[in-house]
Amino acid sequence: MRSLIWGAGAIGGTLGAYLARAGGDVTMVDTVVEHVDAITRGGLRITGPIDEFTVRVPAFTPQTDNVTRGTWDEIILATKAHHTDAASRALLPHLTAGGYVVSAQNGLNELAIAEVVGADRTVGAFINFGADYLEPGVIHYGGHGAVVVGEIDGRITPRVTAIRNAWHHFDPRAIVTPNIWGYLWGKEAYGAMLFATALTNESIADALAMPAYRHLYIALAREILAVAAARAVRPEAFDGFDPAAYLTTAPAGAVERSLDALVAHNRRSAKSHSGIWRDLAVRKRPTEVDAQLGIVVTLGAEAGVPTPLTACLVALIHEIERGARPQSLDALDALAATPSHTVTP
């Protein structure tokens, strides 16, 4: 399969490296010149407890002639969520008439991609593996996670089956689903918890294990899942996250068991902190919070579903981005003090 990876960082770099190692015709595009130069000079290196290898792949910036003149049937979009609209517009001239864009991102980015390239040329994907961009040319692959592909209209088509088959070279457990929105909204709920852990310097597992803050994670998940329900979405379970456990009608102890499973899943990964935490603490750059959680606040308002905790979390992340608040448990305490927060411990 001939693929263009648009965004060769943690997600796109890892996925593309495996496809290339399996013999796929892979080209990578990234806006970070140093990263592109390093890949061109010495290849893209995957490191970590799962695998150690280097692949040689063509790599360019979006302005390079090889990209500006080329077209592809498959473009895997793996940028940060807040770059989706700009990236979709930039890649559109390189998409063949019968081609498609796969969103290998976090968030509900298929909505934005479809606005640019068309719904019929948009394919959804859910990825939950752990990886980090370490330095130019080097990606740390730290932990396995669910990998799911699906058409955004719920059909099972030859193209999503072909994508799944190709992605088996990356993870043999990759599946096709008729409910990709269920996975994406499930990740939105879990993602809200990850944003909350990034308010602190605790690891994901340690933060989720703290009894004093578990009511916050539960309340955040319930807000997100309430918006999903208003949109007639049935969230799916993955990697320890069980959306049914967060319902107020769930059996006693179910939500605690789900949180324990999430702690166990994250302790198995060499990726101890979220990419959100890395953006704030290491790379000192804006996060995906508006594109990932801000959109939920907007969709909630449209549906008449209040999301006060999610809105407060977005504001707290922005304060840390601006340097107005340090990452600490105090920030998590500020979230717990959110007015109209009705879910109690």
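Brief remarks follow.
- Normalised by 2.2 N^0.38 Å, where N is the number of residues, the alpha-carbon radius of gyration of segment 3-82 equals 1.02.
- Rounded to the nearest whole angstrom, the semi-axes of the ellipsoid equivalent to segment 1-145, taken from the Cα gyration tensor as √(5λ), stand at 23, 17, 13, largest first.
- Between the Cα long axis of helix 33-42 and the first principal axis of the chain there is an angle of about 50°, rounded to the nearest 10.
- Against the empirical curve 2.2 N^0.38 Å, the C-alpha radius of gyration of segment 189-345 lands at a ratio of 0.98.
- Plainly put, segment 144-192 has a radius of gyration that is 0.99 times its Kirkwood radius, both from alpha-carbon atoms, as the Rg/Rh ratio.
- Rg and Dmax [Cα atoms of segment 201-258; Å; Rg one decimal, Dmax integer]: 12.0, 36
- In a simple Cβ point-charge model (Lys, Arg +1; Asp, Glu -1; nothing else charged), the chain has a dipole of about 400 debye relative to its Cα centre.
- Pairwise FRET efficiency - ASP260 versus ARG283, Cβ, R0 = 35 Å, nearest 0.05: 0.70
- 24 Å tail of the calculated P(r), segment 97-224, as % of Cα pairs: 39 percent
- Helix 214-230 and the long axis of the chain differ in direction by around 70°, with both axes built from C-alpha atoms.
- Straightening the chain between ARG234 and ALA252 buys 4.3 nm, computed as 0.36 nm per residue apart minus the Cα-Cα spacing.
- Highest average packing first - 241-248, 329-336, 4-11, Cβ atoms within 10 Å: 4-11, 241-248, 329-336
- Max mean-square fluctuation residue, GNM over the chain, Cα-Cα springs under 10 Å, options ARG121, ARG89, ARG214: ARG89
- With all protein chains in place and a 1.4 Å probe, the accessible surface of the chain carries 54 percent carbon and sulfur.
- Value at 222 nm in deg cm²/dmol, rounded to 500, when DSSP H runs of n ≥ 4 in the chain each add -39,500 (n - 2.57): -12500 deg cm²/dmol
- Angle in degrees between helix 180-197 and the longest Cα principal axis of the chain, rounded to the nearest 10: 60 degrees
- Highest average packing first - 313-319, 114-120, Cβ atoms within 10 Å: 313-319, 114-120
- Kirkwood hydrodynamic radius (C-alpha pairs) into Stokes-Einstein, segment 243-306, 25 °C and 0.890 mPa s, D in µm²/s: 168 µm²/s
- For the chain, the direction-averaged projected area of the alpha-carbon convex hull comes to 16.0 nm².
The values are calculated or read from the model by the stated rules, or taken from the named source; none is laboratory data. Computed from a prediction, not measured in an experiment: that's the story for all the values here. Positions of Cβ are generated from backbone atoms using ideal geometry, with glycine treated the same way; all protein chains shown enter the neighbour counts. Please note that ligands, DNA and RNA were not included when accessible areas were found on the heavy atoms of the full protein model with its side chains. Shrake-Rupley method; radii C 1.70, N 1.55, O 1.52, S 1.80 Å.
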